[in-house]
Amino acid sequence: MKINERKVRLTELILRCLVCALALVAAILIVTDTQVREIFTIQKKAKYTDMKALVFLVVVNGIAAAYSLVHVARCVVGMMKGSVLFSKPLAWAIFSGDQAIAYLTVAGLAAAAQSAAFAKLGQPELQWMKICTMYGRFCNQVGEGIGVALLASVGMVLISCISALGLFRLYGGNKAWQSSPSRW
């Protein structure tokens, strides 16, 4: 059964590394995106700070990247020591942190996607124009950042499932993870 435990721990490590990298790439794509448009000799610069949902997405991705980096170090230390390094309070802390970050990434992604939809489609009833017709390159790069943030968010949800498995196996009557045979 230790082989299964190792596979789960390796999967967690790989996912945390991916989430760290993807969240960082998403934040960089959005932060570095600008486009200047000249309208009747007036220059207007589109940047991510013009949309508060994008600012929220950048902050959330930065938090997710830093959080994942800390847990990558924890996973590496745990794998090097060869012990699970799990107590119930630590398992609860990891589970709670993973859940919070997963919910934050999903919330940031939803807010940014909704704002991106308004930028792409406009809102004729409110006389909001389609911003992406004027700032096409800006919208494309933001779309790429939102796509990468989606991958990071899915990774974070998978990590929260793994941490739930780690927590609830400490409480369950089914000790399949341990080497002792079941009593049934």
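The values are calculated or read from the model by the stated rules, or taken from the named source; none is laboratory data. Keep in mind that what you see is a predicted model, and the values were worked out from it rather than measured. Protein only, heavy atoms only, side chains kept; ligands, DNA and RNA dropped before computing areas. Shrake-Rupley method; radii C 1.70, N 1.55, O 1.52, S 1.80 Å.
Per residue, what volume in Å³ does the convex hull of the Cα atoms of the chain enclose? List each step's numbers first, then the result.
On the way: hull volume 23.7 nm³, N = 184.
Spelled out: Cα convex hull of the chain, divided by residues, is 129 Å³.
Principal axes first, then extents: for the Cα atoms of region 1-56, list largest minus smallest coordinate on each axis, whole Å, largest first.
Taking the Cα atoms of region 1-56, the three principal extents are 70, 16, 9 Å.
With the full set of protein chains in place, find how many percent of the accessible area of the chain is carbon and sulfur; take the probe as 1.4 Å. Spell out each step's value before the answer.
Working: 7650 of 11120 Å².
Exposed carbon and sulfur together represent 69 percent of the surface.
Report the dimensions of region 31-121 along its three principal axes from the alpha-carbon atoms, largest first, rounded to Å.
That gives 67, 22, 16 Å along the principal axes, largest extent first.
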